[in-house]
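Remarks on the structure that follows.
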Amino acid sequence: MNFGLSESQQILKTNARKFFAAECPMQEVRRLMETPAAYDAGLWVKMALRMSDRDGRPGVVLRRGDADSGGVLVVLRGRDGLAVLSQVRAADGALAWMRGTGAAPVDQATADAYVARQVRFDPDIWVLEFEAPDLLPPFEAKLV
């Protein structure tokens, strides 16, 4: 029985190490651990964009937020319309996502209005957009 990593797992391990060495050195990890949120929005955005690109579901930054502590909105562009996911915390404190525009796809004007309201409420917020024919995010996400 082989308990080693498969070739694809080894590639993932190597690429993850390269990414985190370049984008988030241990000194930065320690700094973040001392902050109340222990969260780096800029790093999360880079990770989400790389994951989506890797999966052939391109993403773009529509609006840059605060790199250290900004929240994130994700616009999903699907076959039948758009959905906007808003970053929230679940009851256990874990990062989760809420469909801010509701369960059904919406048109561009409705999505734009939701994003504009959120930007007025939080000027540090990031806004990302991804091609998502199925209206599912290209990153691991707990939807609440």
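Extending 7 Å from the Cα toward the beta-carbon at both LYS13 and ASP80 defines two label points whose distance is 4.2 nm.
Full-extension gain between ASP107 and ASP68, please, as 0.36 nm times their residue separation minus the C-alpha to C-alpha distance.
Details: separation 39, 0.36 × 39 = 14.04 nm, distance 3.13 nm.
Answer, rounded to one decimal: 10.9 nm.
Counting pairwise Cα distances across the chain, what percent come out greater than 17 angstrom?
Numbers: 6702 of 10296 pairs.
For the chain, the share of Cα pairs beyond 17 Å comes to 65 percent.
With the simple spin-label model, which puts each label point 7 Å out from Cα in the Cβ direction, the VAL61 to ALA22 separation comes to 1.5 nm.
You can think of it this way: the chain between ARG89 and ARG50 has 11.7 nm of extra reach, that is 0.36 nm per residue less the Cα-Cα gap.
To the nearest ten degrees, helix 41-54 and the longest principal axis of the Cα atoms of the chain are 80 degrees apart.
Take every DSSP beta bridge whose two residues both sit in the chain; close to 70 percent of them are antiparallel. Stretching the chain fully between ASP122 and LEU5 yields a gain of 37.8 nm (0.36 nm per residue, less the alpha carbon separation).
Here, each number is a calculation from the coordinates, and none is a lab measurement. Remember, predicted model here, so these are calculated numbers, not experimental data. Note: ideal-geometry Cβ built from the backbone for every residue, glycine included; neighbour counts use all protein chains shown.
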